[in-house]
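First comes the structure, then the notes that go with it.
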């Protein structure tokens, strides 16, 4: 082992640390300063903090007991580095691994392998081909990771692109978020757009001001809010608010759903559903307080549990609704309703209405079965919502 202790802790010009070499600051100092480039071949160590113009490590590893400040480029080739303190550099590139137990400040980071930062991460573009653990808060323009990434909250002003699993431990703000695999968000997050191929699991609120696209499942314990929400499988949330909401599978909402347009291929359960324009359901809507919409389409053999208030309601063949308040109601063949309060009613053959039938203007169609004779009125009972 070669041990070097530079006089005054300063080395003028370039310096090459031989394999197995150790740099130690002189007594009374904690830092070694190299005015030029430090080159490390094989494995080496710095028993203190390091300042240099440029740092290159090749075919081995470097261990630094303190912090590292590199005025320009920091390059790792077939090498790793372990830094006990902070790292500051203008650019950082490598093909194996970087471990920083302090904070990282670097505008341009490009690591093919693994990046671990225990403290905060500050920079512009950060790209990791393998996995990244950024346990402190981040402040970046862009973040791109090929595999798994852990982020301790913060802000990514533009885009986040993750090939595998994405995990946060604190609130995060971002521009766009694209994840090929799954996302586990342990605190509320917000951004402009979200696109996830697999699963989102969020503890808190999740907001995307423009679009939210999830190929598989999404679970949000708080409020899910976006301009457009498109989910291929299951949507589960405390509350949902969006302009256009489309769920291919099942939607389970503890509170209210507010939307301009809503389409659910399977079942929707919620405390209440308030839609400005159109609602279409393929299987079932089940609410406590009811559904309020401009237009409600209930598919064949589908059902709505809870009161319905709408301008126009159409129930497909063998469909079923409970209490309906509407300007116009169309019940197709073998559809069933409990109580009907409408301005105009149209019925097909074998329609069944098990309770009251009150209308203001007209009833069209024959062959319906009424538990009580239809009653023409001048005013309908007030709707429940």
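The values are calculated or read from the model by the stated rules, or taken from the named source; none is laboratory data. Computed from a predicted model, the values in this text were never measured in an experiment. Using ideal geometry, Cβ is built from the backbone for each residue, glycine included, and neighbour counts are taken over all protein chains shown.
Whenever a residue of the range 182-211 is at positive phi and free of Cβ contacts under 8 Å to residues at least 40 places away in the same chain, its partners that are in a loop (DSSP other than H, G, I, E, B) and surrounded by fewer than 22 Cβ atoms within 10 Å (Cβ to Cβ), lying with C-beta atoms within less than 6 angstrom and at least six residues away or across chains, give the pairs 204/187; 204/188. Does residue 42 fit the bill of being more than 23 Å from residue 152 (Cα to Cα) and either in contact with a strand residue (DSSP E or B) (Cβ under 6 Å, 6 or more places away or on another chain) or modelled with pLDDT under 95 (or both)? Yes; evaluated as a whole, the condition is true for this residue.
When each of 27, 19 is tested for being farther than 14 Å from residue 81 by Cα and in contact (Cβ under 8 Å) with a residue 40 or more places away in the chain, the lone residue that passes is 19. Among the residues of the range 168-177, not a single one is modelled with pLDDT of 95 or more, more than 11 Å from the chain's Cα centre (by Cα) and within 19 Å of residue 111 (Cβ to Cβ).
Quick check: is even one residue across the range 251-260 buried (at least 17 other Cβ atoms within 10 Å of the Cβ) and farther than 25 Å from residue 382 by Cβ? Looking for residues that are buried (at least 17 other Cβ atoms within 10 Å of the Cβ) and farther than 25 Å from residue 382 by Cβ, one finds at least one in the range 251-260, hence yes.
Of all the listed residues (275, 281), the sole one being more than 22 Å from residue 204 (Cα to Cα), surrounded by 20 or more Cβ atoms within 10 Å (Cβ to Cβ), modelled with pLDDT under 95 and touching a strand residue (DSSP E or B) at 6+ places or on another chain (Cβ under 6 Å) is 281. Within the range 102-115, the set of residues being farther than 19 Å from residue 73 by Cβ and surrounded by fewer than 18 Cβ atoms within 10 Å (Cβ to Cβ) is empty.
Yes/no per residue for (1) at pLDDT 95 or above; (2) part of a loop (DSSP other than H, G, I, E, B):
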{"position": "286", "(1), (2)": "yes, no"}
{"position": "300", "(1), (2)": "no, yes"}
{"position": "314", "(1), (2)": "yes, no"}
{"position": "317", "(1), (2)": "yes, yes"}
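Please count how many residues of the range 76-87 are part of a strand (DSSP E or B) and crowded, with 19+ Cβ neighbours inside 10 Å.
Adding up the residues that qualify gives 6.
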